[in-house]
Structure formats: structure tokens, C-alpha cells
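Reviewing the structure listed below.
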């Protein structure tokens, strides 16, 4: 069983993780998790836990996890936005086919303001990208 377990376990928390070294080489043959660090992925900070001195191997594993975690979170952000597009399409269908006058009255202004704000931001960002492309930046 010990050969199948990773050397490190990362307990995800807001903005990072608590990092544990996985120990299966003990007399009781139990799985022990020894916390060795706390990681903040927003600022890249790695804080050793207690008197722990992190080895080069520890730091490499933590940095690899941080890189993978940031990529996963970025991927999830895009996926969430694509789900939002689906929800907008479903909302349009609901407005067209099912919504009552009272329901429309309850949501129209809020939706229009949110969509107006989103459109303004998207148009501004698109213009910025086009200008950068023309300047060759």
C-alpha cells in the first residue's frame, strides 16, 4: 500500500494548501501525515510548519503542486465562464418561452445592467487587444 501513496499530500484551503509529508514507514504500519508547510498560491509564499526545515525535494514538490494548482484554477475559471454562456442562452430561452410578466419585471433591470456592464468591459478589453496587436506588442 505504501508504494501507491504519494510522498506529499496537499490539503487545499483558501488561497493555497497545508502540505503534509506522507509517512508509511513506521512501526505500526499506519499512514501518518506530518504537516511540513503552509502554501499561499496568491503570493507564492511557502511557510515551513513549526521547526520543519524544508529540503530541496520538499520545495520542488511544493512548487510543482503550486504550478499545477494555478493551471487547474485558471482552467476552472474558463469553464465557469463557458457555463455562464450556457446560462445566458438558457435565460434567453426562458424569457422568450416561459417567463411571466411578474418574473420579467423582477429580473429585467438587474439582467440588463449586468449585461451592459459585461459588454462594456468585453468591448474595452477587445479594443485593447486589437491595439496591442497592431503595435506588435
| said: On the basis of being assigned to a helix (DSSP H, G or I), out of contact with any strand residue (DSSP E or B) (no Cβ under 7 Å at 6 or more places or on another chain) and in the same structural domain as residue 10 (by TED's automatic domain parsing), does residue 114 make the cut? | reply: no
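Give the number of residues within region 93-105 that are surrounded by 12 or more Cβ atoms within 10 Å (Cβ to Cβ) and not in a loop (DSSP other than H, G, I, E, B).
Let us first name the residues in region 93-105 that are surrounded by 12 or more Cβ atoms within 10 Å (Cβ to Cβ), namely 94-95, 99, 103-104.
Subset that is not in a loop (DSSP other than H, G, I, E, B): 94-95, 103-104.
Summing the residues that are surrounded by 12 or more Cβ atoms within 10 Å (Cβ to Cβ) and not in a loop (DSSP other than H, G, I, E, B) in region 93-105 gives 4.
The values are calculated or read from the model by the stated rules, or taken from the named source; none is laboratory data. Fair warning: this is a prediction, and the values are worked out from it, not measured in the lab. Positions of Cβ are generated from backbone atoms using ideal geometry, with glycine treated the same way; all protein chains shown enter the neighbour counts.
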